[in-house]
Amino acid sequence: MVTKSGTIMKKNCVPKKLKKKPHIRPFSSKRGKRHQQERYESKQRKRHKIEKSALTEPPGIKRTFFHELPFELLDMILSYCPSQTVLSLARTSKWMCITLTNHRSAFIWKRARILVATGPVPDPLPNIPEPAYAAILFDGGLCHFCKKEVKVPPKYFYNRIWVCSDNRRCNNHHKLDSLFQDPWTLEESKLALGRALEWMPYYPSRWGQGVFLRSTVESAKARILTINADSEEIKKLWDEEEAYLVQRKPVIDEYNWAYSTWEKQHIGYRSDAIAQNQDRWYHEAERAGWTQADARKSLSLKELLKTKKRLNAFMTDDDWEFYFPRISAEIDQIRIKRESLELEHKRQQHRQAVIDFLNKLKSRPATYRDFPIHLPSPDVFRKLPVVESFEQNTEIKWLSKKLEQKDITVAIKGDLEKWLARMRKVFADKLGFKAKDVALLGKEVLHPTERLTALFECKKCGKNGRIYDQSGGSLTFHEVVAHVCPKYAVKNEKERKWDLAKFTVDKVAVEVVREAIRIGGWDEAKSTKKRIAKDGTRFDCKECGLNMVFDCLVGHAKRHLQTSPVGKSDDGRTPQEIPAGSLKTTTNEIPPERIIEAGTEVPPLRFSLSKYSAFDSKPKPYPNLELLMMDIPQYNGLRQKPIYYCLHCPEEVRKKRKGYTIKGLRSHLGTLHKVKTLRSEDFFGEEQKPAKENKVHSTNEQMARQQGDMNESERMLAWLMETTGDGNVHAEVEPQQHAL
C-alpha cells in the first residue's frame, strides 16, 4: 500500500483511526438506546456477510497468486522475460502495475531490455524512466504519413516519429528524406538559426552525415523569432536554456546514432522472423493435409503467430507441438463447415439452373414446340423424376447445358405428360366427371378441364397471380397448374408452394359462365372463348346496367357479391326476402372469392343478353386494360392523357364532361360510384397505339430470336399483342403455358 508521502506500508498495517468503533450517541430513553444498538449490530452483520462473500471468487474467474509471491521469486520468474512480456504483465492488475512501475524495480526493466530477441536495447536518456521507455518502444503509435496505427518502435525516438515498416508507400527514401532539412539549403538559414545549430540534435541519414529534422529547424526558427520580440529577462532565461541544451547535445547525438543502429537491426530481425514463421506454418499445413484458406481461419494459429510477431521471436518445435492439437481440431470444424457451404452453394446453382430452364420453356414456345401446353410451377417441375435426379447430383457441372440436350428434354417431356394426365383426372373428378365418363367422350367434345366452366380458386391466397385481375381470382386449369401464391397474400413461405389440396371449384364463376352459355345458346362441351368473341355477343348487368363482354362476367359478378352480398334477384325479391344463411357476410380479412359457404346455393345471375353486339357503334369497354396498366415505357404516356370516359355515368352527363386520365378516372369511380378497383367494363377511351419506335415484334419466331434483349414486361407485352392481334384482350386469349 502506497501512502501520500510515497512510503510503502505493510499489507495488514491499518491506521488506528480506522480500527475504532463508531461513537454511540447517548439517548435519554432506553428505547432509543436499544434501537441504536440493534441498528449497529445489523450493520456489523451485513459487513461480515460482505467480507465473507468477497473471499469466494465467482465461477469462471481464475485467481492469480502473483501478489502472494515473495518478491525474490517474482524477480526470478521475470529474469527470463523480455521487455514486451514484462510490459504486458504490468498491465494485468493494479498491484502488479504499482510494483513494477516503482523506481526500485528499475533493474527488472534493464535486464529485460537485454533479453529482447532483436538485440539489447540502448540505454534510455536520463530524463526517461524505464517503464515509460519500454511502453514507447513496444506499444507503437500513429504513422507520420498515413496516420495508421503501427506496432513497431519509433523511427526517430527523440521526436517520437513512427513510420510503417511494412508499407512501401511510407517507408521509402523519398518519404524519409522529406523529414530532414536538406544540407545544401541549411546554409541559407544559418543566420536565422544562430546558436540553435549548436544544440539541435543530429540524425543519421543516407547521405552519411548528421542532419537536422525539418520540424526541429522550423520550431527553432519560430522560437527564436518570438524570443527576439520579448524582453531582456526572457532572453536571459533563453540563453540559460540554450546553454543547458548545448551540454545535452552530445548525449542526445550519441543516443540517436545508437538507437538508429538498433532500430534497423530490430526491423530486419522482425521481418525475418515473420517470414520464417509463415514458411513454417505453410510447411506444417501441407504436411498435415490442410489448405491455407482453412488454416488462416484457425483462431489458435492466429494467436500463435500474433504472439511471435509481438515478441519478434521465431516459432520453435515446442511451440508447434503445444498448439497443434487445438489447431487441428479447429481446422477440422472449419473444413466440415466449408464443405457443407460448398454443397449448399452447388445445390442452389442447380436449383437456379432448373428454374431458368423452366422459364425458357415458358418464354420460347417456338423453340420447344414438342413440350405440353400447360407447364407446372417451379416447385412441381423440380419434383419430376428426371429433373430431381439431375438437381440432386451435385457432381454434374454446367447443368443448364445438360438439360438442353435432346435425350434429356425428351425424358422431361414424358414426365410432364404423365403428371398432367394425372392432374386432369383429379381436377375432372372435382368438377364431377368420373374417369369412366371422361373416357367415353368423343374427340369433338372438349375435355372437362379445357371447358369454359372449368374454373377453380385457391383457398390460401384467393388470387390468380395477375396484377389487374379481370376474373375475380378464378383460375383455369392451366393457371392452376402454374399457380404460385403471391408474397403479399401469403406470409408463410411454405404455404406458397403448390399443393393439390389448396384448390377448389369456384362455384360462383362456374354458375355465372354456365348461365351465360345458356343465355347465348352455345354448347358447353364445345364452346371456346374464340368462338364467343367471333360472335360479338355482349351482356348487360341488371344491377348497374353496364355493358360487357364474356370475359368480364365472372369478375363483375364477384364485385357485386363483395359490395352487396345478395342484391336483387330476377324474380324481384329484395335481400330481406331471400333466406338467411345462403351467403356469408364479408369482412376485410375474407377475400370476395370465398364469401359463399360450402353446400349453399349460388345467388341468381344478374346478367342478360345485350341487344348490342361488339360490332355496333355504342361505346364499348376498354379492351386492353391489363396491357395499358403494365409498367412499360411506351404505355406510360397513354395513362396520362385525358381520353377516358366513365360508363357508369349517363350519356347526357358524359357528353358535358371532359375526359379523365387514369388517376382521375380512379378518383371519379371511387368517390361517385363507390368502385374500388378499376375494370374494363367501367370506362371506354380513344384507341391510341404506342410510339412506333418502341414497337415490339409480334410473332413467336421474332420473340425467340430477341429473347436475350427483352425483359419480363416486354415479353408480356409481346405475348398480349400477339394473342389479341389488335390489342383486344377480351378476344380469344389462350396464354397456354404463359401464366401471368
_Chain lengthening between A525 and E218 when straightened (0.36 nm per residue, less Cα-Cα)_ = 100.2 nm
*Across segment 648-663, in residue order, what do the Karplus-derived ³J(HN,Hα) couplings come to in whole Hz, using 6.51 cos²θ - 1.76 cosθ + 1.60 with θ = phi - 60° and x for Gly and Pro?*
6, 7, x, 5, 5, 5, 5, 6, 6, 8, 7, x, 10, 7, 5, 5
*For segment 515-520, what does the Karplus curve 6.51 cos²θ - 1.76 cosθ + 1.60, with θ = phi - 60°, yield as ³J(HN,Hα) per residue in whole Hz, taken in order and with x for Gly and Pro?*
5, 5, 5, 5, 5, x
*Solvent-accessible area of W109 with every protein chain in place, 1.4 Å probe, in Å² to the nearest 10*: 10 Å²
*Pop a pseudo-label 7 angstrom from the Cα along the beta-carbon direction at both L441 and R168 and give the gap in nm to one decimal.*
7.9 nm
*Loop chymotrypsin sites (Phe, Trp or Tyr not before Pro), segment 308-363 (other Cβ atoms within 10 Å of the site Cβ: 16 or fewer; DSSP)*: F314
*Between F65 and A501, what is the spin-label point distance in nm, taking each point 7 Å from the Cα along the Cα→C-beta axis?*
6.8 nm
*Pairs K264/K309; K418/K463; K430/K487; K362/K459: which exceed 22 Å Cα-Cα?*
K418/K463; K430/K487; K362/K459
_Under-5 Å amide H pairs with D506, H placed in peptide plane, nonlocal only_ = L455, F456, E457
*How much length is gained on full extension from Q392 to D139, taking 0.36 nm per residue of separation minus their Cα-Cα distance?*
85.6 nm
*Give a residue-ordered list of calculated ³J(HN,Hα) values for segment 113-125 (Karplus: 6.51 cos²θ - 1.76 cosθ + 1.60, θ = phi - 60°; whole Hz; x for Gly, Pro).*
5, 6, 8, 4, 5, 7, x, x, 7, x, 5, x, 5
*Enumerate the residues in segment 450-469 having an amide nitrogen under 20 Å from the point lying 7 Å beyond the Cα of K491 toward its Cβ.*
459-463
*Give me the percent of the accessible area of segment 455-559 that comes from carbon and sulfur atoms, probe 1.4 Å, all protein chains in place.*
49 percent
*Could you work out how far apart the two model spin labels at A293 and A132 are, taking each label as a point 7 Å from the Cα in the direction of the beta carbon, and quote it in nm?*
5.1 nm
*Please give the contour-minus-distance gain from H673 to K413: 0.36 nm per residue of separation, less the Cα-Cα distance, rounded to one decimal in nm.*
88.5 nm
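The values are calculated or read from the model by the stated rules, or taken from the named source; none is laboratory data. Just so it is clear, the structure is predicted and the values come from calculations on it, not from any experiment. No Cβ is skipped: glycine too gets one built from the backbone with ideal geometry, and neighbour counts run over all protein chains shown. We work out accessible area using only protein heavy atoms, side chains counted, and drop any ligands, DNA or RNA first. Shrake-Rupley method; radii C 1.70, N 1.55, O 1.52, S 1.80 Å.
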